[in-house]
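Asks: I am attaching a structure below and will ask some questions about it afterwards.
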Amino acid sequence: MTKDEKTAYWRQQVDGFQASGLSVKNYCAQEGIAVATLHYWRKRFADAVEPRPIVHGTKGFLPVTLAPVRPSVSPVEIMLLSGRSLKLTGPMDTGWLHTLVRVLESPCG
């Protein structure tokens with residue numbers, strides 16, 4: 001049996017199973033085939049992806065326009081008593097920020 005004949009045979013078995021209304025176990029017993037083999041071919045046919053046709057004139061690519069990325073939050077600068085500053089550009093947990101400032105302002109920070 002050639003590869004194409006084997007594929008056609010199993011396509012026919014999978015289609016027959018789906019049309020039968022039987023359970024996998026009962027269908028396989030009726031047809032004399034292994035349950036695991038039917039599962040393998042069902043998965044193989046389900047996973048097969050049809051290639052999409054190429055649009056003529058685009059060589060398979062479509063034009064894409066990129067928009068500039070803008071920060072969602074304006075940066076905030078915090079001036080510490082030590083003279084250091086923090087620039088924050090995103091939303092953050094206030095508890096974390098409080099701890100950070102406390103550590104940076106401590107004598108060992």
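Asks: Please name all residue pairs, on different chains or six or more residues apart, with Cβ atoms under 8 Å, provided the first residue is in region 27-41 and is without any contact (Cβ under 8 Å) to a residue 40 or more places away in the chain and outside any helix (DSSP H, G or I) and the second residue is surrounded by 15 or more Cβ atoms within 10 Å (Cβ to Cβ) and among the hydrophobic types (A, V, I, L, M, F, W, C).
Replies: What qualifies is Ala34/Cys28.
Asks: May I pose another question? Search region 38-85 for residues being surrounded by 10 or more Cβ atoms within 10 Å (Cβ to Cβ) and of a type in the set (Phe, Trp, Tyr), and hand back the single one that is modelled with the lowest pLDDT.
Replies: Among them, the one singled out is Phe45.
Asks: Do we have Gln30 as modelled with pLDDT of 85 or more and in contact with a Leu (Cβ under 9 Å, 6 or more places away or on another chain) here? Explain how you work it out, then say what you get.
Replies: On the way: modelled with pLDDT of 85 or more: yes; in contact with a Leu (Cβ under 9 Å, 6 or more places away or on another chain): yes.
So Gln30 fits the description; yes.
The values are calculated or read from the model by the stated rules, or taken from the named source; none is laboratory data. No experiment lies behind these values; they were computed from the predicted model shown. Counting neighbours? That spans all protein chains shown, and the Cβs are built from the backbone with ideal geometry, glycine included.
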